[in-house]
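Here's the structure, in structure tokens; my notes come after.
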Amino acid sequence: MDFTLIAHRGYSFSAPENSFEAFDMAFEQGFDNFELDAQITQDGQLVVFHDQTVDRVTDGSGEVSDHTMDELRALKLIGGYEFKNDFSSAYIMTLDEFLGRYTGRAHPHLELKSREAALPAMVADALKRHGWLDVADTGAFDAPGITVSSFWADQLYRSKLRLPNVRHGWLINELTEETVDVCVKLGFDSVYPRAATATPESVSHAYDRGLSLRGWGIENDDDMARIYHSGAGGTTVNWPGEAKAFLEAMAE
């Protein structure tokens, strides 16, 4: 199957998102492309966390940026789903911990989640520290490899200036001629539309402009079928094992 399923915040349907348990579960089941999120803590450390606040997936409350790393580490990471297994040992990790653990064996799709102007430079320094620039010239989904993404074009552009050889993908709601033009103008390598809005025509146009494609925002089987049939190269998904089985059944 020439379509890459990217474990969204790890295997986040079956283990707490953005935890080692979720990433290891994905890796053990054959999914070596991970999506994760980076933000800055109150004490200036890089943390792997998605939401602006800790309320949804921990037993705490308040903004991530108002917590020190030690305070975040002390929270219970409960995730967004009801899990079958006990994940009481799961914890919020630093980006350095993540990068050190998976060096040389995975392809992180690392999203610049927050708006601080310092975030792209801090992430670039972390990638350099852990040797990830050595795999910067690999393909869009090759493992090992590295991709930086963001919904914020200004953040992505700051990162591209610091990491010109690293693949950069812009997360957008809808793939249009205008969004493709912006990607090309700013020197981004990839564009990532919401799966429910992708069409074969829009994907083909982006390919013609030299961009690589993958989807996001998979909520159901219809979204998965749509992004697959659009011609995109892959998508993030919270349930990669189930998605793989669905695509194989659909192909048959």
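Odds and ends about this structure:
- Every residue from segment 157-190 that is β-branched (V, I, T) and over 15 Å from the mean Cα position of the chain (by Cα): T176, T179, V180, V182, V184
- Set R56, R101, R73: member being closer than 23 Å to R129 by Cβ and in contact (Cβ under 8 Å) with a residue 24 or more places away in the chain: R101
- Among the residues making up segment 78-87, those that are more than 19 Å from the chain's Cα centre (by Cα) and touching a residue at least 12 places away in the same chain (Cβ under 8 Å) are I78, F83, K84, N85, F87.
Table: residues versus (1) touching a residue at least 40 places away in the same chain (Cβ under 8 Å); (2) more than 27 Å from W132 (Cβ to Cβ).
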site	(1), (2)
L175	no, yes
V184	no, no
H205	no, yes
L211	no, no
W216	yes, no
M224	no, yes
S230	no, yes
E252	no, yes
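- Candidates F27, F20, F34, F49: the one that is among the aromatic types (F, W, Y), modelled with pLDDT of 95 or more, within 21 Å of E116 (Cα to Cα) and under 15 Å from the mean Cα position of the chain (by Cα) is F49.
- The single condition among (1) free of Cβ contacts under 8 Å to residues at least 60 places away in the same chain; (2) among the acidic types (D, E); (3) more than 30 Å from D223 (Cβ to Cβ) that E116 does not satisfy is (1).
- Test: residue in segment 88-95 that is touching a residue at least 12 places away in the same chain (Cβ under 8 Å), out of contact with any helix residue (DSSP H, G or I) (no Cβ under 9 Å at 6 or more places or on another chain) and surrounded by fewer than 19 Cβ atoms within 10 Å (Cβ to Cβ): yes
- Qualifying residue in segment 219-228 (condition: at pLDDT 95 or above, buried (at least 21 other Cβ atoms within 10 Å of the Cβ), of a type in the set (S, T, Y) and farther than 21 Å from L36 by Cβ): yes
- Number of residues in segment 169-211 that are under 16 Å from F151 (Cα atoms) and of a type in the set (G, A, S): the value is 4.
The values are calculated or read from the model by the stated rules, or taken from the named source; none is laboratory data. Source: prediction; values computed, not measured. Glycine gets a Cβ as well: all are built from the backbone with ideal geometry, and neighbour counts include every protein chain shown.
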